1. From 84, 58, 77, grab the single residue that is free of Cβ contacts under 8 Å to residues at least 24 places away in the same chain, in contact with a Phe, Trp or Tyr (Cβ under 9 Å, 6 or more places away or on another chain) and surrounded by 15 or more Cβ atoms within 10 Å (Cβ to Cβ).
2. Specify the residue that is nearest to residue 99 (Cα to Cα); the eligible residues are those in the stretch 127-148 that are touching an Asp or Glu at 6+ places or on another chain (Cβ under 9 Å) and not polar (S, T, N, Q).
3. Specify which of the listed residues (39, 47, 80, 12) is closer than 17 Å to residue 102 by Cβ and at pLDDT 95 or above.
4. When the stretch 98-127 is examined, which residues are found to be under 18 Å from residue 81 (Cβ atoms) and free of Cβ contacts under 8 Å to residues at least 60 places away in the same chain?
5. Tell me whether the stretch 170-184 contains one or more residues that are assigned to a strand (DSSP E or B), among the small types (Gly, Ala, Ser), at negative phi and in contact with a strand residue (DSSP E or B) (Cβ under 9 Å, 6 or more places away or on another chain).
6. For the stretch 98-117, check the following and say yes or no: at least one residue is of a type in the set (Phe, Trp, Tyr), at pLDDT 95 or above and in contact with a Leu (Cβ under 9 Å, 6 or more places away or on another chain).
7. Can you name every residue in the stretch 150-201 that is within 16 Å of the ligand (Cβ to nearest atom) and among the β-branched types (Val, Ile, Thr)?
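The values are calculated or read from the model by the stated rules, or taken from the named source; none is laboratory data. These figures come from a predicted structure and were not determined experimentally. Virtual Cβ from ideal backbone geometry, glycine too; neighbours counted across all protein chains shown.
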Amino acid sequence: MNRRLAVLISGRGSNLQSIIDAIQGGAVAASLELVISNRTDVAGLERARAAGLEAIVLSPSDYPDRDAYDAALADLLRRRDIGLVCLAGFMRLVGRPLIDAFPNRILNIHPSLLPSFPGLQAQRQALQHGVRVSGATVHLVTSELDNGPIVAQSVVPVLDDDTVETLSARILVEEHRLYPEAIRRVLEGDWLIEGRRLVRRRP
Ligand code: GRF
């Protein structure tokens, strides 16, 4: 598989940082070619530039509609011969033009054990539901929100005195371990999709 990565962000970029660190440290054999943000002035862009990476802002307001924006993203990623697209806190629904251009080649990380608590404020949803464990999920992106085949998950306990902040912090630590590991698995495996499941093709 083409090991040229792009990471799409909207903010803080701590997962981006974990991917940068894993590649620089040799844990993930890949090259991070491009970081794209849909927002200007976010910390993730600074992290990318500090690591010497190309960091581009593609602003949705420069495009007439969602499809045009997603088509522009797809075009940029294709021109750079990207093999795997990693969403890392990219706060936009990804539409058909991008999904069709990179079928089963877009990953996302979500701060819950999917299919529980998709969408926004997953940690708050977990606390409100009273679950005793939550966690993080890396999955393939499909047109259904937070619902593509699961690549990897990690369980995090929910403590009696947790707040959204303390639970989010505990999950984030796991995310930083999980995302590089999931990227490594996707790049190194020969995968196929059976129903909802991602399964490794037997040699
Ligand atoms: C993470 O919790 C991720 O699971 C969610 O958005 C957050 C992004 O954080 N999709 P960061 O920008 O990577 O620090």
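1. Details: 84 fails: free of Cβ contacts under 8 Å to residues at least 24 places away in the same chain; 77 fails: free of Cβ contacts under 8 Å to residues at least 24 places away in the same chain.
After ruling out the rest, the residue left standing is 58.
2. As a first pass, look at the stretch 127-148 and keep what is touching an Asp or Glu at 6+ places or on another chain (Cβ under 9 Å): 127, 135-139.
This time we only want the ones that are not polar (S, T, N, Q), so: 127, 135-136, 138-139.
Numbers: 127: 32, 135: 26, 136: 22, 138: 16, 139: 13 Å.
Selected residue: 139.
3. Working: 39 fails: closer than 17 Å to residue 102 by Cβ; 47 fails: closer than 17 Å to residue 102 by Cβ; 12 fails: closer than 17 Å to residue 102 by Cβ.
Of 39, 47, 80, 12, the one residue that is closer than 17 Å to residue 102 by Cβ and at pLDDT 95 or above is 80.
4. So the first thing to find is which residues in the stretch 98-127 are under 18 Å from residue 81 (Cβ atoms), and the list is 98, 100-107.
Once the filter is applied, which keeps residues that are under 18 Å from residue 81 (Cβ atoms) and free of Cβ contacts under 8 Å to residues at least 60 places away in the same chain, the stretch 98-127 yields 98, 100, 101, 102, 103, 105, 106.
5. Taking the stretch 170-184 first, the residues assigned to a strand (DSSP E or B) are none.
The answer is no; no qualifying residue exists.
6. So in the stretch 98-117, the residues of a type in the set (Phe, Trp, Tyr) come out as 102, 117.
The next check asks that each one be at pLDDT 95 or above; those that pass are 102, 117.
Next, only the ones that are in contact with a Leu (Cβ under 9 Å, 6 or more places away or on another chain) stay: 102.
Checked against the condition, which is being of a type in the set (Phe, Trp, Tyr), at pLDDT 95 or above and in contact with a Leu (Cβ under 9 Å, 6 or more places away or on another chain), the stretch 98-117 yields at least one hit.
7. Step one: of the stretch 150-201, the residues within 16 Å of the ligand (Cβ to nearest atom) are 150-156, 158, 162-183.
Correct list: 150, 151, 155, 156, 158, 163, 164, 166, 171, 173, 183.
Rundown of residues vs (1) at pLDDT 95 or above; (2) surrounded by fewer than 21 Cβ atoms within 10 Å (Cβ to Cβ); (3) out of contact with any Ser or Thr (no Cβ under 9 Å at 6 or more places or on another chain), yes/no style:
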site	(1), (2), (3)
134	yes, no, no
145	no, yes, yes
150	yes, yes, no
157	yes, yes, no
163	yes, yes, yes
167	yes, no, no
171	yes, no, no
177	yes, yes, no
